Structures are given as C-alpha cells and as structure tokens.
Amino acid sequence: MAARLSSARALSHSSSCIRPSRTSRQIPLTVRQFSLSAQAQAELQEETPVDAAFQQKPIGIRQRRRMAALASSPGISFEQLPYQCFQEARRVLAEAREEVVGNVQKMQARIDRLTALPLDTEDGFAVNSRNVTLRTMQKTLDDLKVDADIHNPVVKKRFEDGLGDMNKPIYRHLADKKWREYKRKLTMQRIETMSVVPDVLPQIDPIVSLDLGFSGHKVQPGEFVSSIRSQFPPSLSVQVFDGGERLVTVVVVDSDVPDIANDSFTTRCHGLYVNVPISPSNGRINLTNIPLPDVKKPVDKPARKLAADKSTKMEKVSKRAAHSPSVTGLERRTSEIARSIKGPRKETAKPTHVPGLPSITASPPTSRKFSTSALLRAAGEPTSHSGVAVATSSTMQSNTAEFLTNGTTVYSWLPPTAHKGGKYHRLSVWVLEQPSTKENHKIMLDSERLSKITSRQGFSMRNFISATACKPVGVTMFRTQWDEGMQTVMERYDPEGLKVMLRRAPALKGRPVKRDVKRLR
C-alpha cells in the first residue's frame, strides 16, 4: 500500500513538473490536416442549411437527428439513407419479416377454409362455436401482423408523422401503447381523485381513447370550462384500438346537482345520444349534428277541425282576391310568375333511420321500470321484445359515409350550471358500447322508449347500463363553476336556479367541549 502511495506521489510530482506554467512560452502543437477531395468540398458548400425555425423548436433528440439527416440529404428517401449499419439492420429485419408473413398466410388460409365449410344455420350451438373460433383465429392473425411490422422503421416513421392507417393492426397497436403510457393513466388519476368513480359507476376499465373539445378548444380531464364555452354542445374524438365498426351511446352526467329539499345532492343528465356509429378510422362525434327522433305528435279532433276550417277560409279569401277589381292584371301575372319560379312547396326533410337498415317500431311502454326486454330485440325475429333494430356489418360498410353522420338524440344538450356560492360541479362524459348478437349484428336502441322510461333529473347510470346491457369503454370529465358568464347562461336556460344562492352553514355556537386530559397524564 505504501509503495502505491509513493508511486502515485511521484507521478503527481512528475506531472506538475511537465505541466507548463501560465507565464511560460506556449509551444505550438502540430495538428494533422485532413484533406478533402474536390467533390466532397463541393458537397459541403452546397449542403442545405437547417431552418432557423427548426433550430428554435424544442423537439426530441432522436427526432432532431432524423430531421437534420433528412435536411442534409435532399432527394434521398428515408429507406435509402446512406448509412451502412442502418441498411444492414433493415436487411436483417426484412429476413425476419418474411418468416412471419408466411405464418400470416397460413393463418389466413385456415380462416378461409373454416368460413367456407357448410354449416347448419338452425344449429345455434354449432354457429356459436364457429363464431368463437373465428374470433380467436382473427385475433391471432392480427397479432401476427403486428409482429411482422413492429420493428419496421418506415412504419414507425409514418406513425410518428401522424400518417398511419388506423384500419391496420400495427398502427392501432402503436396508438394503444402510446395511449396507455400517459393519457390513460392521467384520465384514471383524475376520475379516481375527484371520486367520479364510484359516485357515477363503481368501476371502469377504459379501452378507448376519448378526447373532449368545446368550440375548438381541447379540454384536458378535470379542466375547468367557462360557462360561455360549455353552453354549446361539445365535440368528441373516440379512438378505438380494435377493428370493425360499432354503435355507441354517449352520456353526459352531472353528479353534483344540489337537492335543497332533501339537503343532499342528486344527478342530472345533460345529454344522451344513442346509436352513434364509430370506426377505427373515423371516430369524431359532433353532438350538434345528431338529429332528434322522428316522433309524430297526435292531433286531437278539435284542433284538426279548426285547421281544416282555417284552410277552407283561406281558400275563399284567395279566390275572392283573385277576382277583385283592385288587383291589376300585372300584379296577378307577377304573382303567377313568382309561383312558377318558386315551384311546389317542398316538405322539410325529417331525420329517419339509416337506409338499408330495418326500421325501428316504437310501441307504447308497458311499464316504467328498467328492463332489458323492453329495450332490446332482434329485428325481423318474432319475439316479444320491442324497440331495437339490428344492422349487419356488411350494411354498415356499404353505407359508412352516411351511417357515420347519423345517430339519435334522446336528451339534447343542456348547458351545465352552478349556483353562486356553491362548489364546482363534476361533469363526466361516458362512451358506452352497445351490445351485439351472437352473429355480430349491431343492436340499435329505441330512443323513444328510452325517453319515456328515463328522466334528466335523478338520472342513474347504473340503472341505464343494466337496462340496455351496454358496456362502458371510455370516460373523461370536466368541471364548471360560477363565473362571470354563468348568470347570463342561467337566465336563458335555468331562470329558477338563478334565484338560489348557496351559503356555507354557520358553525354551531356554544361553549366548547373541554377535553379530559387527566387520563393522559
């Protein structure tokens, strides 16, 4: 040990002697100059400079390096970048992909053979078992497709640039992985911290990404939204991570409505929209564009008779005016030309069911209770259920452009309000996936029957789910409170609530209770 210390001390003395002092003369060191060829010097001079905006933009290191490489090599695609290690890695990945593609082709051939087998449609057990087998094989096929391109740099580049096709399993897998890393955790943290779960529902396992926006402003989960913005219906962006179209129900619930009569709180439904179709490539839902149900109001006999008498009287007045000498021929001719240009009166288009789908037949409710049998039935089947139509997946694919713009409004948008002096209100937005039959037919809910057996005030999400057999798949939330625009909104939509002002209950007056500290000594 002593020998090592002495050698180290000697080395330090020798290095201090060799180190030149500041006052000593600096000896110039010879540096080898690397010469460049004429072609390399020309390429160096013609090198495209990096944009100034790119230098100031705070981005990641990997993305910065990739963008710098693309900017310095114009005219060269990403796959043909002249890096030997990069091209060698792409060759290894291509060889591994060929093996996985062979397994994909084998699985696809097995699915085709099973689908082509003749099967007795009357045997429900055989049909159900084949459908289960096909779903399992299809899931295995999607997993193989993901394994084939999970390491492909071109696929990752397109996904990072936002150019991925969500109809392909690989892009849905990457989007699901990215969503679960942060956004899903943030949403669950907000709804659990603010006790949306279990106040509205006991539990939820979100499997779709749900984004909320008001007037173009994206709202983070739990964010306060001003009353001026929230008086208009929001827009939703639902991203599913498994293939196929489906029907969903959108529910907006306020779980902090004060019940002054009972000195408690209750719930209120601020919007209920059913039979809204979404797909992996199109999940934007604008609640303003969802039409109201086509309900014909019955007209009583006195009102019908009064309307007929009024029309007869108007006809007599028009005939008398046409033959009156006060009306000149020029005026009469002008009115005839205007009627010919305007043409016959067109009837106002009413929202109807989707073309190609069975119509929804509404029958009068037999009970005010929630029941699945009162809401669901398979269209075309002679059952006792009523109020549901079934849409096949082939019909949805053929009418996707028109089908995605439809849906039915049970309760239109009601602007959220908060009383002066009270705390903020928690409004949760839920996306419920509607059930389907064993043959994977989509079941549509009867909006007219739902409006009769439910109510805005005291809306229960638990009863609604048990009645419709829907499955909660997505959730988000926002908050509202009394602000400078709340009085204007309440004057328009809730004038009775504007008369109420909440105050904190005063503390109980009296002599404070003295603690018994003798036993603590």
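The values are calculated or read from the model by the stated rules, or taken from the named source; none is laboratory data. Remember, it's a predicted structure, so these values are computed and weren't measured experimentally. Note: ideal-geometry Cβ built from the backbone for every residue, glycine included; neighbour counts use all protein chains shown. Note: areas computed on protein heavy atoms with side chains; ligands, DNA, RNA excluded. Shrake-Rupley method; radii C 1.70, N 1.55, O 1.52, S 1.80 Å.
Quick notes on this structure:
- Fully extending the segment from residue 493 to residue 128, taken as 0.36 nm per residue of separation minus the present Cα-Cα distance, adds 126.3 nm.
- Between residue 157 and residue 193, the simple label model (points 7 Å from Cα in the Cβ direction) yields a spacing of 4.0 nm.
- Cα convex hull, region 90-228: 185 Å³ per residue, rounded to a whole number.
- Within-13-Å neighbourhood charge of residue 494 [Cβ basis; K, R +1; D, E -1]: +2
- Shown for region 84-172: the carbon plus sulfur share of the solvent-accessible area, taken with all protein chains present and a 1.4 angstrom probe, equals 54%.
- Estimated at the nearest 10 Å², the accessible area of residue 159 is 50 Å² with a 1.4 Å probe.
- Residue 106/residue 436 FRET efficiency (R0 41 Å; Cβ-Cβ; nearest 0.05): 0.90
- Links that overshoot a 24 Å alpha carbon limit, given the list 420/452; 178/438; 168/442; 423/514; 145/218; 157/442: 420/452; 178/438; 423/514; 145/218; 157/442
- Quotient of the Cα radius of gyration of region 137-295 and 2.2 N^0.38 Å, N being its number of residues: 1.24.
- Estimated from the Cβ-Cβ distance and a Förster radius of 51 angstrom, the FRET efficiency linking residue 242 and residue 505 is about 0.50.
- Most positive-pole-ward Cα, 141, 152, 129, against dipole of region 84-172 from beta carbon charges: 152
- Two-decimal log10 I(q)/I(0) for region 412-454, as the Debye equation yields it once each C-alpha is a single scatterer, q = 0.18, 0.23 Å⁻¹: -0.82, -0.99
- Spin-label model, residue 87/residue 466: points 7 Å from Cα along the beta carbon direction are separated by 6.8 nm.
- The charge dipole of region 84-172, taken about its Cα centre with unit charges on the Cβ atoms of Lys, Arg (+1), Asp and Glu (-1) only, comes to about 180 debye.
- Label separation (residue 452 vs residue 223): 4.2 nm, computed from points 7 Å beyond Cα along the C-beta direction.
- The C-alpha atoms of region 84-172 occupy a region whose extents along the principal axes are 61, 27, 14 Å, arranged from largest to smallest.
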